[in-house]
Amino acid sequence: LRCVDAVFLEESLERKREYLLQHQAHVLAMGDDWKGRFDEFSDICRVVYFERTPAISTTAVIEKIRL
C-alpha cells in the first residue's frame, strides 16, 4: 500500500504500547472484531477499526497459503 511506510511484527498483545512507541507508529489499524479493545492507545496514535469483509476467513486464507 502506498499509504503505509512500515509494518512491524507483533509477538505479544501485552507489549502493544511498547511496540507502538518503539516504532513511532502514527496509526494502529485493527479489524472491527477488536472494536474498543485498543482505544487506550489513542493517546499515542490514531486507532482505526476496519469493517470485516463478509465471507472472508483469515484462517482459511492462512491455511491455503500453508499448502
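The values are calculated or read from the model by the stated rules, or taken from the named source; none is laboratory data. Quick caveat, the model's predicted, so the values are computed rather than measured. Backbone-built Cβ (ideal geometry, glycine too); neighbour counts: all protein chains shown. The protein model used for the area step is the full one, side chains on, heavy atoms only, and it has no ligands, DNA or RNA in it. Shrake-Rupley method; radii C 1.70, N 1.55, O 1.52, S 1.80 Å.
One table, with the values for the structure above:
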{"quantity": "Test: residue in the stretch 49-67 that is of a type in the set (K, R), modelled with pLDDT of 90 or more, out of contact with any Cys (no Cβ under 9 Å at 6 or more places or on another chain) and open to solvent by 80 Å² or more (accessible area, probe 1.4 Å)", "calculated": "no"}
{"quantity": "Residue, surrounded by the most Cβ atoms within 10 Å (Cβ to Cβ), within the stretch 1-43, restricted to residues that are basic (K, R) and in contact (Cβ under 8 Å) with a residue 12 or more places away in the chain", "calculated": "K16"}
